[in-house]
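A.B. asks: Provided herewith is a single structure, encoded as structure tokens, for subsequent inquiry.
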Amino acid sequence: EIYTLSLHDALPIFGARTGKTTCWVIPRIWAARGFVLATSNKDDIITVTREYRSKLGRVWVFDPQAIVGESQQWWWNILSCVTDAPTAKALTQIFVDTTRDPRAMTNAYFDNAAKDLVAALLLAAARGGLTIMEVYKWLANPDDREPLTILRQHGESTMAQTLDGAMALVAETRSGVYGSAITIVSFMTNDSAMRWVTPQPHLPQLHPADLVRSTDTLYCLSQEGPKSAAPIMTALTVAVTEAAVELATTQPGGRLAVPMLVELDEAANICPWSELPSMYSHFGSRGIVVDTILQSWSQGEARWGKEGLRKLASAANQMLYAGGVKEAAFLGDLEKLIGTYYLDSVQRSHSTQAGSSTSTSLESQQRPIATVSDLAELPKGRAWLLSTGNPPVYTAMVPHYKQRPPVAEYAVSPMADTAAVKQPEPAQNPDLATER
């Protein structure tokens, strides 16, 4: 049931139609007692969990592509996370991660020059108290010296020098650099999405630092395609997790008293943050529970590379494989991780003098517990759970419609005193007894 799997960061791998939403995402959101951030490209997560989560705190929905058909109710200043040159470069990298195929061929000079240019303009817009839309306007007019003036007025001499150098390039080279930069911020032509990150006078402003101190819920929705809001959604996800890290550093033990859940459904497609593998272990130590949900191992490799995905998997306290994958290399590694067992070897002999005899030995009869073919044909509703410090477990997953959410009164602020936190009672449902 939903409380038997504790909230630790995880790498769940669910092939198509293997119960990802019904058996994992929804129960995990139900089990969380603090703030929750959930990403998705469909409306089913909100449909099932919104009513329960609304009893715990405010529900915020980011839906620029009208996936659930909800009108905009708030806005977020995306430049609020740009405070200096490093943060401007970090935001630029998020835009690159979400607008470029990681396997695409690039020119080292133009790529780096374009990223430096975008970072300088982002910092200029933030320092000048302007909106992010100014960045696109400046890129469309390379002769506009307003951002250069702003950087110099605010003492950003290094970034000013970078921008001045880009503006002074020969025409052909400058055209290439500015053209590459415009590609990085091409999502800014999506007016409906940009309204979520530019001031809306009649709507409240979302502040990540306030969110992580609450028991609210933030649903971030986006789909792949020309109107994808992945750059904004990823930037918002990163801003919220960084705000949680900052809050955790002020708490006893350097971690949130009540874990914050970050449920990254369709992470490789709609929230492809390149720094996620490096941050995974750190998030866990801060009480920030991150689930990076993939459809296959190769999907993760395509996004973060072989080493990046292995780093993420090693840092995760739990890895769940729920079937539906036909990748021999991945399944072969999983077979080895699950381990082996010894099959008794039985020998029988008979003679007229001594009669019959039977002997049993364990010699060279080591067999895999789950073969590659077993893993490829895993029945629906079953999964292998590999968790830190425990042997692999073959388990039956319980869909949300055979559970019920916990009592809403058990939600607790991330800043709560852990000594005062009451543990929730497990859901009582007789149908779960045979499936546990």
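A.B. asks: Within the set of pairs 6+ apart or on separate chains, which have a first residue in the stretch 193-214 that is touching a residue at least 60 places away in the same chain (Cβ under 8 Å) and among the charged types (D, E, K, R), a second that is assigned to a helix (DSSP H, G or I) and open to solvent by less than 10 Å² (accessible area, probe 1.4 Å), and C-beta atoms under 7 Å apart?
C.D. replies: These pairs meet every condition: R213/L247.
A.B. asks: Could you tell me whether L123 is touching an Asp or Glu at 6+ places or on another chain (Cβ under 8 Å), crowded, with 23+ Cβ neighbours inside 10 Å and within 17 Å of E156 (Cβ to Cβ)?
C.D. replies: Yes, satisfied.
A.B. asks: Would a scan of the stretch 137-155 turn up a residue that is assigned to a helix (DSSP H, G or I), at pLDDT 95 or above, of a type in the set (V, I, T) and over 33 Å from the mean Cα position of the chain (by Cα)?
C.D. replies: So far as the stretch 137-155 goes, yes, one or more of its residues are assigned to a helix (DSSP H, G or I), at pLDDT 95 or above, of a type in the set (V, I, T) and over 33 Å from the mean Cα position of the chain (by Cα).
A.B. asks: Go through (1) open to solvent by less than 30 Å² (accessible area, probe 1.4 Å); (2) not in a helix (DSSP H, G or I) and name the single condition V240 misses.
C.D. replies: Against the list (1) open to solvent by less than 30 Å² (accessible area, probe 1.4 Å); (2) not in a helix (DSSP H, G or I), V240 comes up short only on (2).
A.B. asks: If I ask for residues that are touching a residue at least 60 places away in the same chain (Cβ under 8 Å), part of a helix (DSSP H, G or I) and under 24 Å from M415 (Cβ atoms), which ones from the stretch 257-288 would you list?
C.D. replies: Hits for the stretch 257-288 are Y280, F283, G284.
A.B. asks: OK, next. From the list P142, P147, which residue is open to solvent by less than 50 Å² (accessible area, probe 1.4 Å), closer than 14 Å to L122 by Cα and not aliphatic (A, V, I, L, M)?
C.D. replies: From the options P142, P147, the qualifying one is P147.
A.B. asks: Ok, one more. Based on what the data block shows, is D344 touching a helix residue (DSSP H, G or I) at 6+ places or on another chain (Cβ under 8 Å), of a type in the set (D, E) and either at pLDDT below 95 or surrounded by 22 or more Cβ atoms within 10 Å (Cβ to Cβ) (or both)?
C.D. replies: The answer is no for D344.
A.B. asks: Do any residues in the stretch 289-302 that are farther than 16 Å from C271 by Cβ have Cβ atoms under 7 Å from those of residues that are among the charged types (D, E, K, R), where the two are at least six apart or on different chains, and which pairs are they?
C.D. replies: Within 7 Å, the pairs are S296/E327; W297/E327; S298/E327.
A.B. asks: Just the residues that are farther than 29 Å from W30 by Cα and either under 26 Å from the mean Cα position of the chain (by Cα) or surrounded by fewer than 12 Cβ atoms within 10 Å (Cβ to Cβ) (or both), please, taken from the stretch 366-402.
C.D. replies: Q366, R367, S373, A376, E377
A.B. asks: Six or more apart or on different chains, Cβ under 9 Å: which pairs go from a residue in the stretch 310-333 that's over 12 Å from P12 (Cα atoms) and in a helix (DSSP H, G or I) to one that's open to solvent by less than 60 Å² (accessible area, probe 1.4 Å) and β-branched (V, I, T)? Could you list them?
C.D. replies: Final answer for the pair search is A328/V372; F330/I13; L331/V325; L331/T371; L331/V372; G332/V372.
A.B. asks: I need a count of the residues in the stretch 215-235 that are in a loop (DSSP other than H, G, I, E, B), buried (at least 17 other Cβ atoms within 10 Å of the Cβ) and of a type outside the set (D, E).
C.D. replies: 4
The values are calculated or read from the model by the stated rules, or taken from the named source; none is laboratory data. Remember, predicted model here, so these are calculated numbers, not experimental data. Every residue, glycine as well, gets a Cβ built from its backbone with ideal geometry; the counts of neighbours run over all protein chains shown. The area values use the complete protein model at the heavy-atom level, side chains included, leaving out ligands, DNA and RNA. Shrake-Rupley method; radii C 1.70, N 1.55, O 1.52, S 1.80 Å.
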